[in-house]
Amino acid sequence: MTGQVRTVDGRVAGRRGQATRQKLLDCLSDMLSSSPYRDVKVIDVARKAGTSPATFYQYFPDVEGAVLEIAEQMASESSALAGLLEGRSWAGKAGWQTAQDLVDGFLDFWRRNDAILRVVDLGAAEGDKRFYKLRMKILNAVNSSLTDSVAELQSKGRIDKDVNPAAIAGALVAMLAAVAAHQKGFTSWGVKQAELKPNLALLVHLGVTGRKPTK
C-alpha cells in the first residue's frame, strides 16, 4: 500500500491500522463473491475480519464506502488491459494473435474481479456517478487503445475511410464487457469456455480489420 492511509476522522493510520483496514477490505471482497451486495452488513464484515463494527467505522463510513475503495483499487489495476494492445499488430497471423490475447486478457480480468464488477455495474445502472466513473475508467483502458488501433489502420488505407474508430472501438468494448459479465450464462446455451474465446476473438478481429483472420 502506497501513500498515507487515513481514518474517517483524518488521522494517519499506522502499519497496524493499515493492515486492519486491508483485512476488512479483503473480507468484504470475499463476502461479495458469495452474498448479494445489499445483504452485506458492517457487523458481518467486522466479525469475519476478527474485529468490531467500531473499528470498521474508523476506516469507512459504511459498506458502500468500503466497496468503492475496493472498486478504486481494481480500476487502477485495469490500466494493464491497455498493455494488451500496445505495440501490437493487426496484420496477418499477428493480428489474429492480438485479437485472441485481447479476449483472453479481458475475460480473465472480468473473471478475477467478477464480484466487485457486478456491484460496479449495478451502481452504474442505478445512476450512481461514482460507480459510473469507475466503470468507464475500466472500459477506457481498452477503448482508447482500440480506437487508436482502428485509426492507425484507417490512416494506412486498410479499412474504409468512413469508419468511425471511436464508434467501432466503443461497440467492441461494450460487447466484450457484456460477454465477460455473462460468461457463466453461456454454459446454459451449450457454449463451452474453450469455444467462446475463439469466436469472440473472431468478432473482435472482424470489427477492427473488416477481414477474416489469417490463422
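Derivation of every value follows stated rules applied to the coordinates shown; laboratory data play no part. These figures come from a predicted structure and were not determined experimentally. Note that each Cβ is placed from the backbone with ideal geometry, even for glycine, and that neighbours are counted across all protein chains shown.
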For this session: Could you tell me whether GLN73 is more than 16 Å from VAL119 (Cβ to Cβ), in a helix (DSSP H, G or I) and of a type outside the set (Ser, Thr, Tyr)?
Result: no
For this session: Consider GLY105 carefully, then state whether it is touching a residue at least 12 places away in the same chain (Cβ under 8 Å) and of a type in the set (Gly, Ala, Ser).
Result: yes
Seminar exercise, completed: Picking from ILE168, ILE159, the residue that is in contact (Cβ under 8 Å) with a residue 40 or more places away in the chain, part of a loop (DSSP other than H, G, I, E, B) and more than 19 Å from ARG112 (Cα to Cα) would be ILE159
